[in-house]
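The values are calculated or read from the model by the stated rules, or taken from the named source; none is laboratory data. Every value quoted in this text rests on a predicted model; they were computed, and no experiment measured them. Because the Cβ atoms are built from the backbone with ideal geometry, glycine has one as well, and the counts that use them run over all protein chains shown.
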Amino acid sequence: MNRFWSILFFLVPILGVGICLMSAFGIYPLEHTWLPADISESGKDIDFAFNLVMWIIGIVFVGTGLILAMSMWSYPFNADRKATYSHGNTKLEIIWSVIPGVVLIGIFIFQAVYWERQKINQPVVTLADGTTALQQPIVKVVARKFGWRFWYAGLDGELGTSDDFVLENELHLPMDEPLVVQLESEDVLHSFFLRNLRIKQDLIPGKKQFAWFTIVSEKIEQDKVYDILCAELCGWGHARMNGRLYPKTKSDFQEFLKLNDLKQNGFAMNEAEEK
Amino acid sequence: MKKQIQIANIVVGLFILTIFLGCADKPSFQFNAVSKKEAENGTPFSAEQSQDVANILTALFGTPDDPAMPNVNSFHWYLQYDEGYAEDFATLVDFENLKRSAGPVSSDENGDSRGLYREHCAHCHGISGGGDGPTALTLNPYPRDFRHGVYKFKSTSGKARPTDDDLMHIINEGIPGTSMPSFKVAINDNEKKALVDYVKYLSLRGEIERLLWTMTSELETGERLPLVFADGYDKLSEEEKDNLMGWFEEEGAKVESLFKSWLKAKTSPNVKQPPTAPESFDPKHPEHSTLIAQGREIFHGKAGDCKSCHGFTGYGDGELNNYDVWNQWAKGKSDDYIAEFVNDGALPPRTIAPRNFRNGVFRGGRDPNTLYRRIKEGIQGAQMPNAATLTDDQIWSLVAYVRNIKSEPITGGQSHLPVNDKPIN
């Protein structure tokens, strides 16, 4: 019984690492529980950063778990032992402050490039007169309790014009080109989570935000539909606040724009439906 | 000693758990507090009279766990009107769909989910479909009260009932600008169909309940409705059955017309296709701005007079003191009168909110055909009248105008500047 607790505590890192590895290598019964399929251009970098951090904290986790279990194993309850008083060890304190600090700053510097590309440098387009401008959003995402409303910029590629149209919970996007989406919330905090594109952005009411990404057609299974989730607890209906992402080829996307423009802005609705 | 305390702890813990988890009553349909109180008109019905209404409704429509559809065909009265309806009434709703929507949330052996209404709808629309679920009070606008059988966003003309497709459209697309979400990807088509049928079932039940309260109000003090049967129609004695038939011969037409109106919306709905819009309706057409100007003229002028409700700027702030059908009981009443209703379970009444065109959100859909219907037919239940005097072209110009209001400057020619347009991330 003396060493029961040391064994129990040692089981934590063993089980934790074991489950992680089973999930990562898809071993029964944990297949398909690791990262979802990546269909974006920049997703591999984010996965790499994720895995790097995972390895670092994994090693530290196993190390601290071992030290904890070993100390418990070596010093079981002994009624005869007297407590010793210690005022700490300055050298040790410095070592275990500086090393994680250096690692943390290292990770920060390493991922800054990705952060910049993902969150700061909005794609630019070259205009006809040779100057560059920020690329304009192709879709406006309006989150509300509990659903996603997608305003499409339509055929002219400009939001706020007469050929815009709106779809509930259905996001159709062209593949193989940089895309910008505008994000807004109607009521409370939501979080726009495209896990296959490694995009997660909190939506703040009253604030206009942007996210950008490229869908890579080679990484997409034929006719596969991907999930859009809300990643910020927003109320009782949070769990059912899900949409669908339909990647489309460029020509299919144009067809889709034309059809919906006709349905929602043209008066020839019935003809559009027949097509 | 220590052990006894532990055992006492466990007993107390189990007792508290039972209070929270066990012993919950099965949910039951609630009375329509508003129509009951209105029918009472100051002198409350006796307990027997109220119980009679509850018994009749249970006999006809069952309970939330065990729904029933009144066996209309077995009633004597339909024969007098039209034999052709005998079979049709059975097709009004699919009984399997009702059973699927009713009851507690669960799934059957095929993995199909059951208790759909309670899973997806009841927390807002309430177990009786009265728009009075637990979350209703926090929502603006209130969830729809199905018990009037009145639906705003439909394709049929005038007072006609919505078609199944209309109800399906609302479930699919939600209602922008309200708390009604889209269920397009959340549930599958069969589940949506089951819910459409259940909504119709709740509407019919609610309307018959309202009818019964009116009938009760016409009784003498102490008199009871002649069709009291608690154990179902089949268990009635011959004499009671005769009484029932006699009663239905007098009152049956009212009940039958309810069924007929829903049946008509299902089998031969009065859905008119809007006429073709003028060519200048196309935003790229050179004359488009003329059409919008014409719409503006009608909106503000005597012909349409839309501004008196929707406001000069289209902000929907013209008429704010009226009440829609669901809140009509509060019109012109004192605060004390309203407080009594609220104490009895009615939601605090709200005045109408004419549509604000400035945010470009249209609840029933924003495509031109839908907007044409909205103007042409008006909106049932709301205070939006139908456009009886406007020509087709005038209506189309109004459609073009209201779609354009959101991008029209409020003050003179200067269009508003984009604000907060810098990327913040």
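Observations, loosely collected:
- Going through (1) at pLDDT 90 or above; (2) assigned to a strand (DSSP E or B); (3) not assigned by TED's automatic domain parsing to the domain that holds A:F213 one by one, A:V125 falls short only on (1).
- Checklist (1) assigned to a strand (DSSP E or B); (2) not assigned by TED's automatic domain parsing to the domain that holds A:K219 applied to A:W148, failing item: (2)
- Residue check, B:H285 surrounded by fewer than 18 Cβ atoms within 10 Å (Cβ to Cβ), under 26 Å from B:L371 (Cβ atoms) and either over 29 Å from the mean Cα position of the chain (by Cα) or not small (G, A, S) (or both): yes
- Looking across the range A:126-173 at every residue that is within 13 Å of another protein chain (Cβ to nearest Cβ) and small (G, A, S), the one that is surrounded by the most Cβ atoms within 10 Å (Cβ to Cβ) is identified as A:G147.
- Only one entry of A:I67, A:I19, A:I56 meets the criterion of being surrounded by 15 or more Cβ atoms within 10 Å (Cβ to Cβ) and of a type in the set (A, V, I, L, M, F, W, C), and that entry is A:I56.
- Residues of the range B:138-156 that turn out to be more than 14 Å from chain A (Cβ to nearest Cβ) and assigned to a helix (DSSP H, G or I), as a count: 3
- Elements of the type helices (runs of 4 or more DSSP H) sitting completely within the range B:317-404 and holding at least 2 residues that are in contact with a Cys (Cβ under 9 Å, 6 or more places away or on another chain): these cover B:392-404.
Conditions tested, residue by residue: (1) touching a strand residue (DSSP E or B) at 6+ places or on another chain (Cβ under 7 Å); (2) modelled with pLDDT under 85; (3) of a type outside the set (A, V, I, L, M, F, W, C); (4) in the same structural domain as B:T391 (by TED's automatic domain parsing).
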residue: B:Y233; (1), (2), (3), (4): no, yes, yes, no
residue: B:K241; (1), (2), (3), (4): no, yes, yes, no
residue: B:M245; (1), (2), (3), (4): no, yes, no, no
residue: B:F248; (1), (2), (3), (4): no, yes, no, no
residue: B:V255; (1), (2), (3), (4): no, yes, no, no
residue: B:P286; (1), (2), (3), (4): no, no, yes, yes
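- Residue check for A:V181: more than 9 Å from chain B (Cβ to nearest Cβ), outside any strand (DSSP E or B) and without any contact (Cβ under 8 Å) to a residue 60 or more places away in the chain: no
- Of the criteria (1) closer than 30 Å to A:I14 by Cβ; (2) at pLDDT 85 or above; (3) aromatic (F, W, Y), which one A:F108 fails: (1)
- The set of residues in the range A:225-249 being in a loop (DSSP other than H, G, I, E, B) and closer than 15 Å to B:V185 by Cβ consists of A:V225, A:G237, A:M241, A:N242.
- Count - residues of the range B:170-224 that are part of a loop (DSSP other than H, G, I, E, B), within 14 Å of another protein chain (Cβ to nearest Cβ) and polar (S, T, N, Q): 4
- Condition met for A:V113 (closer than 25 Å to A:D227 by Cα and of a type in the set (V, I, T)): no
- Residue under evaluation B:K159, criteria (1) out of contact with any Pro (no Cβ under 7 Å at 6 or more places or on another chain); (2) within 14 Å of another protein chain (Cβ to nearest Cβ); (3) at pLDDT below 90, criterion not met: (2)
- On the stretch given as the range A:156-173, residues that are closer than 22 Å to A:Q122 by Cα and either assigned to a loop (DSSP other than H, G, I, E, B) or acidic (D, E) (or both) total 5.
- Of all residues in the range A:184-201, those satisfying the criterion of being under 17 Å from the mean Cα position of the chain (by Cα) and more than 9 Å from chain B (Cβ to nearest Cβ) are A:L189, A:H190, A:S191, A:F192, A:F193, A:L194, A:R195, A:N196, A:L197, A:R198, A:I199, A:K200.
- Checked against (1) in contact (Cβ under 8 Å) with a residue 12 or more places away in the chain; (2) more than 14 Å from chain A (Cβ to nearest Cβ); (3) closer than 21 Å to B:S157 by Cα, B:Q294 passes all but condition (3).
- Figure legend. Inter-residue proximity from the range B:336-362: first residues among the small types (G, A, S), second residues crowded, with 19+ Cβ neighbours inside 10 Å, beta-carbon distance below 6 Å, spacing 6+ or different chains. Indicated pairs: B:A346/B:V34.
- Residue among A:D261, A:D176, A:D252 that alone is assigned to a loop (DSSP other than H, G, I, E, B) and either more than 17 Å from the chain's Cα centre (by Cα) or more than 14 Å from chain B (Cβ to nearest Cβ) (or both): A:D176
- Hits in the range B:371-402 (condition: free of Cβ contacts under 8 Å to residues at least 60 places away in the same chain, within 13 Å of another protein chain (Cβ to nearest Cβ) and within 27 Å of B:P181 (Cα to Cα)): B:L371
- Cβ-Cβ distances below 9 Å connect the following pairs, each with a first residue in the range A:228-242 that is within 12 Å of chain B (Cβ to nearest Cβ), a second residue that is buried (at least 16 other Cβ atoms within 10 Å of the Cβ) and among the acidic types (D, E), and a separation of six or more residues or different chains: A:H238/A:E232.
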